[in-house]
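Q: Sharing a structure below in structure tokens format, with a few things to ask.
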Amino acid sequence: MAEISFGPYEPDRASVGQVNSSYVLNVLPSVNGYAPFKSHADFTSALTGNCRGVFGGVQLDGSSVLFAGSDTKLYKLNGTTRAFDDVTRTVGGDYSVGAREYWDFCQFGNTLIATTDSNAVQAYTLGSSTNFAALAGSPPQARRCAVVGDFVVLASLSTSGQANRIQWSAINDATGWTVGTNQSDYQDFPDGGFVQGISGGEIGIVFQDRAIRRMIYVGPPNIFEFQRISENKGCMMRYSICRTAGFTFFMANDGFYKIDLSGGLTQIGANRVNKTLLDELDTSNHRYMLGVADPVYPRVMWFYKTTSSANVNLYDKVIIYDWSLDRWSAAQFNSAGACPMIDLSATLEGLDAVSASLDALPYSLDTYTYNYSQRIVMLGPDNKAGFFDGANLEATLDTPEGMIGNGIRTFVRGVQPLTDAANTYVSVRHRDRIIDSLTATSETQIGVNGYAAQRTSSRFNTVRVRIAAGETWSYMRGVEADVRSGGRR
């Protein structure tokens, strides 16, 4: 018997003679190998129009809210009806969002701020506003926004010639935008190209096309000090930027990186996933990649559109990075947007407004909660929002090629997946020469002894295990192969 572990997902490496797996799908990295990836379960009605941004906020009373934007409107999720209510400004008409842009949101106290190109910066006071309105103080139009310390920072200004500028509000005042008053000011960057975005926090990280700078508060007269931490490295996909636990993650023109609070820049995808992703990523539009940090688990997910997808309003793949394990995985499904969010809650009285009968409720009562659990909420291809708490997706994993045989003819008689999943299927992909294409055996299901029967003789073999959709399981570690020498030919 030969026990073979599913290696780290590193499709950029050679497929033979390595300990890495070149193919995993719809799984999450785990200390026990891989874990299931749950499907998206709707709990809202559909958003009207194409999703062009989504944000989960928390009101000062602790209740959660969900906002979304389309090409022309802004919406707020009604916590009772689970419908997206139109909260577009009442003065100024519909919005116009550029084809390469997304709505960007940030929360400053109880004020939610929304920005996108060619529109006045919008504000919504949580708990009291009924519609968005122009943010007071006449801030400049901008594509991006963030909160750095006690300041609202606008980046990549829409005015011609100011895409390399950031501007910040008065200290602790989101409505103070008079330059030179109460520490409000701006900064133009003479090199590094356009500002792609800002990672907020006590220390800001400013991303340009070809430069990255730390933004550190020093007080008057300079207000902020800018320290360049990258000479020629910048951000390629501006919405790939996301922050969690003191790290900022982003996609540069050569792959994935993370930055710590000291400014240390680390490659996380080189020689592992970068080439594979860049070969299929549609880089023609900034909004074709969206980075979302899991608020609970040490994971970052990048939703992205591939060049093979014809739908310009959906991401069709996801790549996942677990920064505590330093391991990757992948998933494939369509999504329109995603963000972290605290679970919504509802009272029994509130449920009366949804339906006259509990049995006739359009949503599961399991969705209604009184705790403050944070999760990633996603809008599916139908623009309905939901958490990843549905049934497990169908999972597929390959063992490293060559771990069975590795150039010596070997006869594979059966394979036992090392998992707690009951409904699993096995096939063996094999070849005699590295220059040959892989040939797959017929898929077989495991029997009463835990083994799936196989009969193949080859010099290089990789086992593919498939776990059916909806199967209950918690880990997939590897396989145990029943093999013997295949002799010579």
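The values are calculated or read from the model by the stated rules, or taken from the named source; none is laboratory data. Since this is a predicted model, take the numbers as computed values, not measurements. Cβ coordinates were reconstructed from backbone atoms using ideal geometry, including for glycine residues, and neighbour counts include every protein chain displayed. Just the protein is used for accessible areas: all its heavy atoms, side chains included, with ligands, DNA and RNA removed. Shrake-Rupley method; radii C 1.70, N 1.55, O 1.52, S 1.80 Å.
Q: Once you charge only the Cβ atoms, +1 for Lys and Arg and -1 for Asp and Glu, what is the size of the charge dipole of region 416-464 about its Cα centre, to the nearest 20 debye?
A: Dipole of region 416-464, to the nearest 20 debye: 200 debye.
Q: A further question follows. Let a ≥ b ≥ c be the square roots of the eigenvalues of the Cα gyration tensor of region 93-183; is it rounded (a/c under 1.5), or, if not, prolate (a/b larger than b/c) or oblate?
A: oblate
Q: Could you tell me which of rounded, prolate or oblate describes region 389-489, using a ≥ b ≥ c as the square roots of the eigenvalues of the alpha-carbon gyration tensor, with rounded for a/c under 1.5 and, failing that, prolate when a/b is larger than b/c and oblate otherwise?
A: Details: a/c = 2.56, a/b = 1.91, b/c = 1.34.
Prolate, since a/c reaches 1.5 and a/b exceeds b/c.
Q: While we're looking at this one, here's another question. Over all Cα pairs of region 226-277, how is the pair count split among 5 Å bins, expressed in % and running from 0 up to the last occupied bin?
A: Spelled out bin by bin, region 226-277 gives 5, 20, 30, 28, 14, 3, 1 percent.
Q: Name the residue farthest towards the positive end of the dipole of the chain from the options T419, L112, M215, assuming +1 on Cβ of Lys and Arg, -1 on Cβ of Asp and Glu, about the Cα centre.
A: Going by the charge dipole, the pick is T419.
Q: Reported to two decimal places, what Rg/Rh ratio describes region 160-265 when computed on Cα atoms with Rh from the Kirkwood expression?
A: 0.97
Q: Quick one: dipole size for region 271-344, taken about the Cα centre, charges +1 on Lys/Arg Cβ and -1 on Asp/Glu Cβ, in debye to the nearest 20. Before the final figure, lay out the partial values.
A: Values: 7 positive and 8 negative charges, 26 e Å.
For this selection, approximately 120 debye.
Q: On to the next question. Given a cut-off of 25 Å, what percent of all Cα-Cα pairs of region 227-348 lie beyond it?
A: Tail of P(r) above 25 Å: 23 percent of Cα pairs.
Q: Something else: Can you tell me the order of 246-253, 317-324 when each peptide is scored by its average per-residue count of other Cβ atoms within 10 angstrom, highest first?
A: Result, highest mean first: 246-253, 317-324.
Q: Rg and Dmax of region 130-184 over Cα atoms: what are they, in angstrom?
A: Cα-based Rg and Dmax for region 130-184 come out at 11.1, 35 Å.
Q: May I ask you to derive the relative contact order of region 102-188, considering only C-alpha pairs under 8 Å and at least 6 residues apart, and to give it as an integer percent?
A: Across region 102-188, relative contact order equals 20 percent.
Q: Would you work out the charge dipole size for the chain about its Cα centre, treating the Cβ of every Lys and Arg as +1 and the Cβ of every Asp and Glu as -1, and quote it to the nearest 20 debye? Kindly include the intermediate steps, with their values, before the conclusion.
A: Values: 41 positive and 47 negative charges, 350 e Å.
Rounded to the nearest 20 debye, it is 1680 debye.
Q: Also, I was wondering about something else. For region 6-69, treating each Cα as an identical point scatterer without solvent, what Debye log10 I(q)/I(0) comes out at q = 0.13, 0.25 1/Å?
A: Once normalised to I(0) and log-transformed, intensities are -0.67, -1.06.
Q: Can you give me the pair-distance distribution of region 410-463, C-alpha pairs, 10 Å bins, whole percents?
A: 26, 49, 21, 3
Q: Looking at the chain, I'd like the Rg to Rh ratio, where Rg is from alpha-carbon atoms and Rh is Kirkwood's inverse mean 1/r. Could the numbers behind the result be given before it?
A: Working: Rg = 25.1 Å, Rh = 24.4 Å.
Reported Rg/Rh (Cα atoms, Kirkwood Rh): 1.03.
Q: Can you tell me the relative contact order of the chain? Whole percent, Cα pairs under 8 Å, sequence separation 6 or more.
A: Once normalised by length, the contact order is 18 percent.
Q: So what is the relative contact order for region 6-148, in percent, with contacts set as C-alpha pairs under 8 Å and at least six apart?
A: Here the relative contact order equals 14 percent.
Q: Report the one residue of W302, S184, A170 whose Cα lies farthest in the direction of the positive end of the charge dipole of the chain (charges on C-beta: Lys and Arg +1, Asp and Glu -1; origin at the Cα centre).
A: W302
Q: When the accessible area of the chain is split by element with a 1.4 Å probe, what percent falls to carbon and sulfur?
A: Working: 9300 of 19940 Å².
C and S fraction of accessible area: 47 percent.
Q: Write down Rg/Rh for region 1-139, rounded to two decimals, with Rg from the C-alpha atoms and Rh from the Kirkwood relation over Cα pairs.
A: Over the Cα atoms of region 1-139, Rg/Rh equals 1.19.
Q: Using the Cβ atoms and a cut-off under 9 Å, what net charge is assigned to the surroundings of F226, where Lys and Arg are +1 and Asp and Glu are -1? Before the final figure, lay out the partial values.
A: Working: positive: R213, R214, R228; negative: E225.
Once positives and negatives cancel, what remains is +2.
Q: Keeping every protein chain present and rolling a 1.4 Å probe, give me the accessible area per residue for the chain in Å². Mind dumping the intermediate values first?
A: Values: 19940 Å² over 489 residues.
Here the per-residue accessible area is 41 Å².
Q: Okay, next question. If Lys and Arg each add +1 and Asp and Glu each add -1, what is the summed charge of the other residues whose beta carbon sits under 9 Å from the beta carbon of V273?
A: Net of charged neighbours comes to 0.
Q: Additional query: Which order do the peptides 275-283, 33-41, 143-151 come out in when sorted by mean C-beta neighbours inside 10 angstrom, highest first? Present the calculation step by step, with values, prior to reporting the outcome.
A: Working: 275-283: 16.7, 33-41: 20.0, 143-151: 23.0.
Listed from highest to lowest mean packing, they are 143-151, 33-41, 275-283.
Q: With Cβ to Cβ distances under 14 Å as the rule, what net charge do the other residues near L135 carry (K, R +1; D, E -1)? Display every interim value, and only then the final one.
A: Values: positive: R89; negative: D104, D173.
Local charge sum for L135: -1.
Q: For a quick protection proxy, order the peptides 94-105, 467-478, 223-234, 392-403 by their average other-Cβ count within 10 Å, most packed first. Could the numbers behind the result be given before it?
A: On the way: 94-105: 19.0, 467-478: 17.4, 223-234: 15.7, 392-403: 22.6.
Highest mean packing first, the order is 392-403, 94-105, 467-478, 223-234.
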